[in-house]
1. How would you rank 216-225, 265-274, highest first, on the average number of other Cβ atoms within 10 Å across their residues?
2. Just order 110-121, 238-249 by mean Cβ neighbour count inside 10 Å, highest at the front, would you?
3. Probe radius 1.4 Å, ligands and nucleic acids ignored: give me the carbon and sulfur share of the accessible area of segment 44-200 as a rounded percent.
4. Among 193-200, 158-165, how do they line up by average Cβ neighbours within 10 Å per residue, starting with the highest?
5. Quick one: net charge around A155, please, counting Lys, Arg +1 and Asp, Glu -1 for every other residue with C-beta under 10 Å from its C-beta.
6. Among V190, L76, S214, whose Cα projects farthest towards the positive end of the dipole of the chain, with charges put on the beta-carbon of Lys, Arg (+1) and Asp, Glu (-1)?
7. Give the lysines reachable from K77 as a straight Cα distance under 22 Å; neighbours fewer than 8 places away on the same chain don't count.
8. With the Cα gyration tensor of segment 160-209 in hand, convert its eigenvalues to equivalent ellipsoid semi-axes via √(5λ) and list them largest first in whole Å.
Amino acid sequence: MTVYLNGEFLPKDQARIAPDDRAFLFADGAYEVLRAYRGHLFRAREHWDRFDYSLKALRIASPANTDFASIASELLKRNNLADAEATVYLQVSRGAAPRKHAFPADATPTVYAFAAPFANPVEKWASGVKVITVPDQRWARCDIKSVSLLPNVLANQQAQEAGAHEAVLVRDGFALEGSLSNFAVVLDGVLHTAPRSNYILPGISRLVALGLCSALDIPVKEFPVAEADLKCAAEAMLFGTTNEVMPVVQINERKVGEGQPGPLTRKLQQAFRDYVGECQRRG
Ligand code: PDD
């Protein structure tokens, strides 16, 4: 496997990161995950803009002479993934420096990226998945795609141990988003999803899905979803780079609707798949 590290493409087993890199010591960095559909980087512009936003919010200087789009394409090529289903991961940390909380005066950001094969979750798309609700123990800047993901890791692990696909994070009585996806429910024929705020990641799949809802005349309310209303949801779904539109058929021990992916979810899921196909064709 060929990875990218600080200006070089090299075999992964030759990539070396300093032990005092601030991503290692403080989780001091930001990241992005993109889907590559047979070489097409899905909604890349939005991913680069969000990366820029996260880095600015963390006051990490964007590394000089680093073109994330070319790095991503080159990684796909060098790993024989240019014509395959893949994801690309990119991370920038504040760099290596002796451990002190405040920013180092002269650290150079560390840039690391890799591409990996990806298998579409076709069975789960067809059957739908179970999610569990867990308390949201994250900080108050969830809009930053920071590598500091311990609460997400713990919530996701809890979901895996409960035989669930995802953990939906609940803060102050509202179901906000998943540990690695956004979340929506259908209540009275209207798709409800948490509004953009510092308490959710502004997901790019969420953005695409909401755009598709508008094209399909599916009414949307970007409105906090009360945990107490989950039991009334006729349908539920997740949005994300690795999920696209994933039907949710069970929340904790309760079935959602009939316990099958609902009609609105199916419509949106298909529209998302079609849109992906269209993007691929346009190149
Ligand atoms: N996660 N919410 C959270 C907390 C996320 O970590 C993600 C993505 C999303 C969905 O965003 P998008 O549609 O832009 O992928 C929502 C990535 C896939 C990850 O951490 O692996």
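1. Values: 216-225: 14.8, 265-274: 18.0.
Final packing ranking: 265-274, 216-225.
2. Numbers: 110-121: 17.2, 238-249: 23.7.
The peptides rank, most packed first, as 238-249, 110-121.
3. On the way: 4060 of 7560 Å².
Heavy-atom surface of segment 44-200 belonging to carbon and sulfur, 1.4 Å probe: 54 percent.
4. Values: 193-200: 17.5, 158-165: 15.5.
Highest to lowest by the protection proxy: 193-200, 158-165.
5. Numbers: positive: R138; negative: D136, E166.
Neighbourhood net charge equals -1.
6. It is L76, whose Cα lies furthest towards the positive end.
7. K12
8. Numbers: eigenvalues 64, 38, 32 Å².
Semi-axis lengths for segment 160-209 are 18, 14, 13 Å.
The values are calculated or read from the model by the stated rules, or taken from the named source; none is laboratory data. Please read all numbers here as calculations on a predicted model, not as lab measurements. Note that each Cβ is placed from the backbone with ideal geometry, even for glycine, and that neighbours are counted across all protein chains shown. Each accessible area value is taken on the protein alone, full model and side chains, heavy atoms only, with ligands, DNA and RNA left out. Shrake-Rupley method; radii C 1.70, N 1.55, O 1.52, S 1.80 Å.
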